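Here the structure is laid out as structure tokens; the discussion comes afterwards.
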Amino acid sequence: MNSTHDSQPDNTDAQLPPDLYPIRLQGPWEIAAADAVGVLLSHRRIKLPCRLPAEWSAATSRIELRRRFHRPTNLDPEEAVVILLPAGCRPLCIALNNLPCDDQRLLDERVTARVTDLLQPSNELRIEVSPDDAPSLGAFAAPVLLGVMPDVDGTWWDELPRCEG
């Protein structure tokens with residue numbers, strides 16, 4: 001696997017499997033806060049990791065992050081591509097190209113979604129979180145990763161525990 005897009009490898013997380021090639025999805029991210037009826041309260045561009053504005057917790061019912069990225073180059077047929085959220089992040093929704101990533105697993109403390117079959121040449125990732133979770137997260141105090149993992153027969157993915165609820 002040899003990636004040539006603008007994100008950089010993240011080799012600092014010792015909790016990741018040694019065969020996983022991590023790519024930081026640092027930015028730019030579009031981040032928006034909406035109230036209980038879906039009215040947009042605030043919108044801005046950010047780079048991860050970052051902390052969410054404290055004032056969003058009180059008036060916000062949903063925080064949405066969006067980022068575009070290109071399909072990793074030189075993927076082999078036996079490689080799986082996954083999204084790895086920061087440890088402790090419990091999303092309301094993960095979607096790629098407006099398709100929900102419902103099959104979510106836990107890799108240590110990271111919610112992980114397999115996206116191999118959803119990838120297009122150009123992609124948009126959307127993550128929705130509750131503002132109630134934001135303070136405990138340090139709100140995305142770590143980057144979101146795109147991971148490439150050898151998984152010839154699917155056993156690596158199948159052995160990860162499913163996310164509850």
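Please treat every number below as a calculation from the coordinates, not as lab data. Everything numeric in this text was worked out from a predicted model, so none of it was measured.
Structure data summary
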| read-out | value |
| --- | --- |
| The range 15-85, Cα convex hull volume normalised per residue, Å³ | 128 Å³ |
| The range 83-124: radius of gyration over Cα atoms, expressed as a fraction of 2.2 N^0.38 Å | 1.14 |
| Per principal axis, descending, Cα span of the range 60-165 in whole Å | 41, 29, 22 |
